[in-house]
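We did not get these values from a lab; they are worked out from the coordinates using the rules stated. For clarity, every value in this text was computed on a predicted model and none was experimentally measured. Note that each Cβ is placed from the backbone with ideal geometry, even for glycine, and that neighbours are counted across all protein chains shown.
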Amino acid sequence: MLGARLMAAVTGCMQVAVGVLYISPEELVRRPLQPGQVSAVVWVESIGPMWFFGFLLTGLALLLAVVRRRGFIFAHIATSGFLAFYAGCILFSAVLTEPPVPVVHGTFAGFMAILHIAIARGDAERNCR
């Protein structure tokens with residue numbers, strides 16, 4: 001149970017930290033787009049502070065699982081789904097953008113999504129529900 005709680009606590013803090021960065025000054029989050037460039041990440045953010053709330057809520061779900069000692073699987077799957085959407089937005093934008101933009105963050109977010117599924121699976125095997 002300690003391993004499940006530590007993993008959820010660390011990844012929950014990471015999600016909350018990234019969420020807080022999304023309400024920080026623009027320079028801390030992204031470089032400005034060149035004229036004519038498109039970004040699905042910026043488009044989603046134009047709807048409202050979606051990234052802030054997404055990262056914050058998934059982080060709080062993970063931290064709540066630590067405190068309650070249950071809900072680990074749901075929290076990791078929710079985080080995985082959110083990170084997969086985030087990665088998809090970054091990678092989709094990279095395909096549409098001229099000149100192409102780096103895909104490092106999208107790739108990293110995608111693997112973090114897969115990591116959360118692996119953690120949820122491990123938690124299920126250890127009965128840390």
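Order these by the 10 Å Cβ neighbour count, fewest first: HIS76, HIS116, HIS105.
Ordered by Cβ neighbours within 10 Å, fewest first: HIS105, HIS116, HIS76.
What is the order of TYR22, TYR86, fewest Cβ neighbours within 10 Å to most?
The order, fewest Cβ neighbours first, is TYR22, TYR86.
Pick out the long, greasy-scoring helices in the chain: whole DSSP H runs spanning 20 Å or more along their own axis by Cα, mean Kyte-Doolittle at least 0.5.
What comes out of the filter, once short or polar helices are dropped, is 2-22, 50-68, 72-96, 104-125.
Going by Cα centres, segment 1-54 and segment 91-108 are how many Å apart?
16
Sorted from fewest to most neighbouring beta carbons within 10 Å, what does the list MET1, MET112 look like?
Ranking MET1, MET112 by Cβ neighbours within 10 Å, fewest first, gives MET1, MET112.
What FRET efficiency, computed as 1/(1 + (r/R0)^6) with R0 = 25 Å and r the Cβ-Cβ distance, is obtained for LEU64 and HIS105, rounded to the nearest 0.05?
0.40
In whole angstrom, and with the biggest value first, how far do the Cα coordinates of the chain range along each principal axis?
Dimensions of the chain along the principal axes of its Cα atoms: 51, 25, 20 Å.
Normalising by the residue count of segment 1-67, find the relative contact order in percent from Cα pairs under 8 Å and 6+ residues apart.
58
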